[in-house]
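The values are calculated or read from the model by the stated rules, or taken from the named source; none is laboratory data. What you see is a predicted model; the values in this text were computed from it and never measured. Cβ placement follows ideal geometry from the backbone for every residue including glycine, while neighbour counts extend to all protein chains displayed.
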Amino acid sequence: MTTEVTAKQGSARVAVQRFGTFLSNMVLPNIAAFIAWGLITAIFIKAGWINVLAPQPDNGWVAALGGWGEFDGKGIVGPTITYLLPILIGYTGGKAIHGVRGGVVGAIATIGVITGTSIPMFMGAMIMGPLGGWSMKKLDALWDGKVKPGFEMLVDNFSAGIWGGILAVFGFFVMSPIVSTVSKAAGDAVGWLVNTGLLPLTSILIEPAKILFLNNAINHGILTPLGTQQAVESGKSVLFLLEANPGPGLGLLLAFMFFGKGAAKASAPGAAIIHFLGGIHEIYFPFVLMKPILVLAMIAGGMTGVFTNVLFGVGLRAPAAPGSVFAVYLSAASDSYLGVTVSMLASAAVTMLVAAVLLGFGKKTGDADELAAATAEMEALKGKKSSVAGLLTRTGMISSIVFACDAGMGSSAMGASVLRKKIKDAGLADVTVVNKAIANLEDDFDLVVTHRDLAERAAAKTPSAVHVSVANFIGAPEYDEVVEMVKAANGAH
């Protein structure tokens, strides 16, 4: 019975991860466009840096770019947020389901829902884009293999054009009013949380969800669209900082630096640099998984950060991606630098204090002498059956290794870099090591390395590969074992 319940919980978690990843994968590839819009806004709008530091005429080039003065609504800022960003999201969502063809139909469908309202249609794009790709895929299946030779291009072009036009009309008249109502309700809910001082309570949900690798789904799938709409209305949004604030993670890692033990203590300084400066938040997740009660420290720090941001009226003009201190400062509104700084310091201090208490200020024993203790679900220790031991029975050579994580950047890029150096030092020049998002995996790799909480999803995408799951992407003991097993499989000495 316990096994059955555990399996159901695991399946539910994977299902939530997949849905969240699908949402974030529509936004994450387009984050550069959001950042570009944020920078343009910060520099060229009437309240932007240039006009604040050196007042400009209403008919000058700054006003033209910012879309104010005589050029009201005709600059770059307005059209980018109204058309470019939602269409990119719609295209990306459609392409994820049915390739470029699905992306094009998704973009056509998205323009309908955009023009049917006066607010930025991010939510509408995240609906119409995938709907366009999915429905086009189903339609293509109806006449697949039935079109006479020579007429394929004619059928493909007209079917996509006609169906895209129908979806655009549907989006304009049907989806646009619905999504506008839902968006307004969501905005009102956020405003209510801010006005009542309850916004810090969101950390109770956000911080544990991050540890379950839903950080990208929360930040880019939910908070970025809502925050961008809020930024359009008020010039900045605190929602961009609910998940991206690097303060709580820094506080946790500082607690391990001073009060941790063994490999956890040794790994914490490097992890703190990667987290705070590089913005890779996944780096601290294993530290919490190793001692789950530490999630209370993360919640306390997160709530402190949000409270401070609200108190100071802090906001970012665009998403901070990745969640690095540099990205936060680059995206901060001109009146928010002090508040952002205090928020990061306060959240780090509170997290560190609470974590130190939970760690017993270094006096408790059994808190894991090495970070590998976080791998409680691993099949067996070295010498017994394990995911790495599968390499011993492999008959073919290993020429391609992929590190997979939720977003395909951050933690997987870091792990791939570590293993790539070990592979190179071992003289295995013919073995490639790359990193990818789990959603983009194809079953053409010999070996897949991923975090243990994402192993089930990775295995489903690459069933023929050997799978290795780790608890920590920095200095994982499995890396050395992987190198030795690759050498054995490839006949290297």
Applying the selection to the range 431-441, what residues are surrounded by 17 or more Cβ atoms within 10 Å (Cβ to Cβ) and of a type in the set (Val, Ile, Thr)? Val431, Val433, Ile438
Out of all the residues in the range 442-456, which are surrounded by 21 or more Cβ atoms within 10 Å (Cβ to Cβ) and over 28 Å from Leu277 (Cα atoms)? Phe445, Asp446, Leu447
Subset of the range 447-457 that is at pLDDT below 85 and in contact with a Ser or Thr (Cβ under 6 Å, 6 or more places away or on another chain) - its residue that is nearest to Ile211 (Cα to Cα): Arg452
Scan of the range 416-442 for residues that are of a type in the set (Asp, Glu) and either under 16 Å from Val468 (Cβ atoms) or assigned to a helix (DSSP H, G or I) (or both), ordered by number: Asp425
Qualifying positions in the range 56-70 - assigned to a helix (DSSP H, G or I) and touching a residue at least 12 places away in the same chain (Cβ under 8 Å): Val62, Ala63, Leu65, Gly66, Gly69, Glu70
Could you please give the count of residues in the range 148-198 that are surrounded by 12 or more Cβ atoms within 10 Å (Cβ to Cβ), farther than 22 Å from Gly99 by Cα and of a type in the set (D, E, K, R)? 1
If we keep just the residues of the range 401-429 that are of a type in the set (D, E, K, R) and without any contact (Cβ under 8 Å) to a residue 60 or more places away in the chain, which is surrounded by the fewest Cβ atoms within 10 Å (Cβ to Cβ)? Asp425
Does Ile108 fit the bill of being within 13 Å of Val27 (Cβ to Cβ), out of contact with any strand residue (DSSP E or B) (no Cβ under 9 Å at 6 or more places or on another chain), among the β-branched types (Val, Ile, Thr) and in contact (Cβ under 8 Å) with a residue 40 or more places away in the chain? no
Does any residue of the range 90-98 turn out to be of a type in the set (A, V, I, L, M) and surrounded by 24 or more Cβ atoms within 10 Å (Cβ to Cβ)? no
Verdict on Leu139 being farther than 24 Å from Ile222 by Cα, among the hydrophobic types (A, V, I, L, M, F, W, C) and more than 33 Å from the chain's Cα centre (by Cα): no
Which residues, counting only those in the range 302-349, are over 19 Å from Ile43 (Cβ atoms) and either assigned by TED's automatic domain parsing to the domain that holds Ile211 or buried (at least 24 other Cβ atoms within 10 Å of the Cβ) (or both)? Gly302, Thr304, Gly305, Val306, Thr308, Asn309, Val314, Gly323, Ser343, Met344, Ser347, Ala348
Among helices (runs of 4 or more DSSP H) completely within the range 206-301, the ones holding 3 or more residues that are not aliphatic (A, V, I, L, M) and not assigned by TED's automatic domain parsing to the domain that holds Gly187 are 224-234, 247-259, 262-276, 285-290
Tell me which residues, restricted to the range 249-271, are within 22 Å of the chain's Cα centre (by Cα) and crowded, with 22+ Cβ neighbours inside 10 Å. Gly249, Leu250, Gly251, Leu252, Leu253, Ala271
